[in-house]
Amino acid sequence: MSKNKPSWQSIRKKRQQQEFVGRTEQLAQFRQNLALPYDDEQRLFLYNIWGQGGVGKTTLLHRFQQIAQSANCVTALTNEAETDVPAVMARLVRQFQEQGHDCSNFGKRYQVYRQKREELEASPDAPQGFAAFAARTLVKTGVHFARRVPVGGAIFDLVDEDVVATQASEWAEYVRRQLTNKDEVSLILNPEAILTPLFLQDLQDIAEEKTLLLLFDTYERTGSILDNWLRDVLDCRFGDLFPNFVIVISGRESLDPNQWSAFASVLGQFPLNPFTESEAREYLSLKDVTNEEVIQVILQLSGRLPILVATLAMESPDDPARIGDATGTAVERFLKWVDDPHQRQIALNAALPRHFNQDILALLSPEHGQQLFDWLKKMPFVMKRMDDMGWEYHDVVRTQMLRYQRRQSPRNWSALQGTLAAYFEHERDNLKLAIKEGARDDTWQRVSLAALYHNLCKAPQEHLKFALNGFITALDASRAFAKKWAAVMIQCGVDADHDDLEQWGHRLAQGVEDYENDQYAQAAAMFSALLQHTKIEPAQNAIILAWRGETYAQMARYEEALHDFDHAIALKPDEASAIALRGETYQQMER
């Protein structure tokens, strides 16, 4: 690249900066804070950005990143694309490496961790639910390593991260049996405790010369995974922490003050609101939207929410005749600037899948999907996913698009949802995995949940029976997969406007969460609600009875537990977990 020619990155960043409107107070404060010595009493080390979807949190986060890079800081960003703490650390480290930093302490050990974990999960000798066990330990670890890991309904204690007690779980015994190296056993059973100090050691090497900026986006989705770990890092529970860093946490809700009160003196709060009218007008001016009638329509329809302002201004509309009155839906206004009927239709259709790629667009529009793919990617409400799973609509826009589609043509809605369901069912069936094998496979889980989503959206009442029985099957294979199943039910309930489906999704998700948090009475209530539902099949009742019996046993309600186990075995004589749990209950009763 000639010294006289700017790079593509510099051109793009310059234009993004030129289009950035508002947030002057936050930008100025962040810039000034970076310039302060780390021992200055006014220096802040943490920022919390929060506000409703579409208000511009991610955009501000990227602007902070640009400011820090201009100040010669080393930066890294992560979001919901990574689903456990080791993967989050790995993503951050990859970005440090791209900026010329070695990070080999963490990198080498993480490579061993991934290799060994994949080998263990792929082994035909792996016990049922092992992949879920790995995910469970990652969510609950840190220095607060899970005291108890449920195994097939029973509870066993893990003594520490190095030595598994004599009565340790089947899964931990499997790890020890497969891995002869004690350090590798410890790494698999307690990855955060092993990997975090190495991660911080690599960051310390960088911080000897430069300030580090770590950005955590979409915290409303990742906080349950990251919150304890982040606070443990900041509490120096993994070792001393270097002082020249800034962490920015962005989500729809502010950080829990009860959990983060210890950091109040070093934490800055940035609640974001929609544009002021002057800010919205400034943005529209940058987009060459100058007709006052057009401006008034955009201000009214968008609620001055930045993502909607940007969408409505996309084609720089200036013809009052194209505006009409202001009573139409926001979606109609989004598409009013798009004259091409094929573009209008693909923009609507592409909102139906939770994420899309060129293949899916071709499925939704066989004649025009591929050629319109590049056009759609440029729309301001379309974002590339960080997990390489294609592109997705911004939540705010997608919600309105779905509502519009469903109301405009229920028949077309159902037909397209059915087409998408069949596509993902075909993808799932091609993997040729049974559910207990599939529950360990990310691809199988992804396409299975996508098929569930589209079947439920197509006909929620008709498929509610399948959703409830499928949740029980998923729970029998993997609690982690069952939680994802319940989350899809919640999302479908919202997207298809079906209250019963949404409420059941919440009830099932909360029940599993209660079980994992030792709230056994609440978990038992969820299992009881399932048993009372008329759509549950007898074989599935046996599984639920075994789970509820285990919760009774945990509460020392042994007679009720035995009743459930006996009933489960009567319904399904080979229900192994009920047989084993009944034996353990007798042992607890000294019978």
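Read-outs throughout are calculated quantities, based only on the coordinates presented, and are distinct from any laboratory measurement. Here the structure is a predicted model, which is why all the values come from computation and not from measurement. Cβ coordinates were reconstructed from backbone atoms using ideal geometry, including for glycine residues, and neighbour counts include every protein chain displayed.
A Förster radius of 56 Å combined with the Cβ-Cβ distance from residue 32 to residue 422 puts the calculated FRET efficiency at roughly 0.50. Summing Lys and Arg as +1 and Asp and Glu as -1 over all other residues whose Cβ lies under 15 Å from the Cβ of residue 500 gives a net charge of -2.
The trypsin sites (Lys or Arg not before Pro) found in the stretch 398-432 that occupy coil by DSSP, while having at most 10 further C-beta atoms within 10 Å, are 432.
The angle between the Cα long axis of helix 442-458 and the main principal axis of the chain comes to about 70°, on a 0 to 90 degree scale. Here the dipole of the stretch 414-477 is about 80 debye; that uses its Cα centre as origin and unit charges on the Cβ of Lys and Arg (positive) and Asp and Glu (negative). Towards the positive end of the charge dipole of the chain, with charges on Cβ (+1 Lys, Arg; -1 Asp, Glu), say which of 283, 92, 241 has the farthest Cα. Final value for the positive-end residue is 283. Here the Karplus curve 6.51 cos²θ - 1.76 cosθ + 1.60, taken at θ = phi - 60°, turns the phi angles of the stretch 173-179 into couplings of 5, 4, 4, 5, 6, 7, 10 Hz, with x standing for Gly and Pro. Note on the chain: dipole from Cβ charges, positive end direction compared against 519, 312, 48; the farthest Cα belongs to 312.
Which one of 107, 386, 191 has its Cα pushed farthest toward the positive end of the charge dipole of the chain, where Lys and Arg give +1 and Asp and Glu give -1 at the Cβ? With unit charges placed on the Cβ atoms, the residue in question is 386. On C-alpha positions alone, give me the angle between the axis of helix 395-408 and the longest principal axis of the chain, in degrees, nearest 10. Value to nearest ten degrees: 90.
Against the set (i) 1.01; (ii) 0.99; (iii) 1.08, the structure's computed Rg/Rh (Cα atoms, Kirkwood Rh) falls on (ii). Extension gain for residue 102 to residue 237 (0.36 nm times residue separation, less C-alpha to C-alpha distance): 46.2 nm. Taking 17 Å as the cut-off, the amide N atoms of the stretch 543-557 that come nearer than this to a point 7 Å along the Cα-to-beta-carbon line of residue 576 belong to 543-544, 546-547.
Our estimate of slack between residue 265 and residue 62, defined as 0.36 nm per intervening residue step minus the Cα-Cα distance, is 70.6 nm.
Under a plain spin-label model, where a point goes 7 Å from the Cα along Cα-to-Cβ, how far apart in nm are residue 558 and residue 528? So the label points at residue 558 and residue 528 sit 2.2 nm apart. Under the convention that each Lys and Arg Cβ holds +1 and each Asp and Glu Cβ holds -1, the size of the dipole of the chain around its Cα centre is about 1220 debye.
Given a Förster distance of 51 angstrom, what is the FRET efficiency for residue 388 paired with residue 566, based on the Cβ-Cβ distance and rounded to 0.05?
Rounded to the nearest 0.05, the efficiency is 0.55.
Straight Cα distances below 15 angstrom link residue 432 to the aspartates and glutamates 441, 442, with same-chain residues fewer than 8 positions distant left out. Separation of the alpha carbons by more than 28 angstrom is noted, of 182/483; 287/384; 458/484; 535/572, for 182/483.
Available extension along the chain between residue 441 and residue 94 is 122.5 nm, counting 0.36 nm per residue and deducting the alpha carbon span. Placing dummy labels 7 Å off each Cα toward the beta-carbon, the span from residue 273 to residue 343 is 3.5 nm. Once both axes come from the Cα atoms, what is the angle between helix 479-495 and the longest principal axis of the chain, in degrees from 0 to 90, rounded to 10? The angle comes out at about 40 degrees. Going 7 Å from the Cα of residue 521 in the Cα-to-Cβ direction, what parts of the stretch 544-569 have a backbone nitrogen less than 12 Å from that spot? Within reach of a label on residue 521: 555.
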